[in-house]
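Chemist: Can you keep this structure in mind? I'll have questions shortly.
The values are calculated or read from the model by the stated rules, or taken from the named source; none is laboratory data. In this text, all values refer to a predicted model and were calculated from it rather than measured experimentally. Here Cβ is always computed from backbone atoms with ideal geometry, including for glycine, and neighbour counts include all displayed protein chains.
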Amino acid sequence: MEKSIILYDEKCGLCRSSRNWIERRKFPGSLELIPCSSPERAKRFPHISEEECMSAVKLISSGGQIYSGADAIPEILKCLKGWRNIVFVFRLPLLHHFSARIYLWIARRRGLLSCAFFPNS
């Protein structure tokens, strides 16, 4: 099985906490997590700038499709034990609309949220 890859902001406490949560739940061999500012990301994905990478979580599927922000969430859940069964919910038009807005709200405030909820990270 080829791995999908998640690109994330390693400087963000919320993002690091999410990475740890994903690592504990992922199916073996399903995901690789790479920090946005790492040389590995720049080498393997030069077409995704660090600025673009830092704007929202990215999932690059094993087939090369790039999902960003709220669109990446169901793709990530597919790779996690016990979470595959709820992926269809994210495909519902009304929930997809709201999940995109909620993701954007959180992403824009992730620094503040990190300080509030993960002060020691």
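Chemist: Looking at the range 62-80, I want the residues that are within 20 Å of Glu23 (Cβ to Cβ) and have a partner that is small (Gly, Ala, Ser) and assigned to a helix (DSSP H, G or I) with Cβ atoms under 8 Å, at least 6 apart or on another chain. Which pairs are those?
Modeler: Listed by first residue and then by second, the contacts come to Ile73/Ser99.
Chemist: Is there any pair linking a residue in the range 14-33 that is touching a residue at least 60 places away in the same chain (Cβ under 8 Å) to one that is buried (at least 18 other Cβ atoms within 10 Å of the Cβ) and of a type in the set (Asp, Glu), with Cβ under 6 Å and at least six apart or on different chains, and which?
Modeler: That search, which allows pairs on different chains as well, returns Cys15/Asp9.
Chemist: Checking Leu59 against (1) within 18 Å of Arg108 (Cα to Cα); (2) at pLDDT 95 or above; (3) not acidic (Asp, Glu): exactly one of these is not met. Which one?
Modeler: It is condition (1) that Leu59 fails.
Chemist: Might you check whether a residue that is β-branched (Val, Ile, Thr) and closer than 20 Å to Arg108 by Cα occurs anywhere in the range 30-43?
Modeler: No, the range 30-43 has no match at all.
Chemist: A further question on this structure: Can you pull out every residue in the range 26-48 that is small (Gly, Ala, Ser) and surrounded by fewer than 16 Cβ atoms within 10 Å (Cβ to Cβ)?
Modeler: Across the range 26-48, the qualifying residues are Gly29, Ser37, Ser38, Ala42.
Chemist: Given the conditions (1) out of contact with any Cys (no Cβ under 9 Å at 6 or more places or on another chain); (2) modelled with pLDDT of 95 or more, report the number of the one that Asn20 does not fulfil.
Modeler: All conditions are met except number (2).
Chemist: If we scan the range 4-13, do we find a residue that is crowded, with 20+ Cβ neighbours inside 10 Å, in contact (Cβ under 8 Å) with a residue 12 or more places away in the chain, closer than 26 Å to Ile86 by Cα and among the β-branched types (Val, Ile, Thr)?
Modeler: There is at least one residue in the range 4-13 that is crowded, with 20+ Cβ neighbours inside 10 Å, in contact (Cβ under 8 Å) with a residue 12 or more places away in the chain, closer than 26 Å to Ile86 by Cα and among the β-branched types (Val, Ile, Thr).
Okay, residues lined up against (1) in contact with a Phe, Trp or Tyr (Cβ under 8 Å, 6 or more places away or on another chain); (2) assigned to a strand (DSSP E or B); (3) β-branched (Val, Ile, Thr); (4) on the phi < 0 side of the Ramachandran plot:
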| residue | (1), (2), (3), (4) |
| --- | --- |
| Lys11 | no, no, no, yes |
| Leu14 | yes, no, no, yes |
| Arg19 | yes, no, no, yes |
| Pro28 | no, no, no, yes |
| Leu33 | yes, yes, no, yes |
| Ala42 | no, no, no, yes |
| Ile48 | no, no, yes, yes |
| Glu51 | no, no, no, yes |
| Ser62 | no, no, no, yes |
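Chemist: Among the listed residues Glu23, Glu51, which satisfies the condition of being charged (D, E, K, R), closer than 21 Å to Arg108 by Cβ and loosely packed, with under 15 Cβ neighbours inside 10 Å?
Modeler: On inspection, the qualifying residue turns out to be Glu51.
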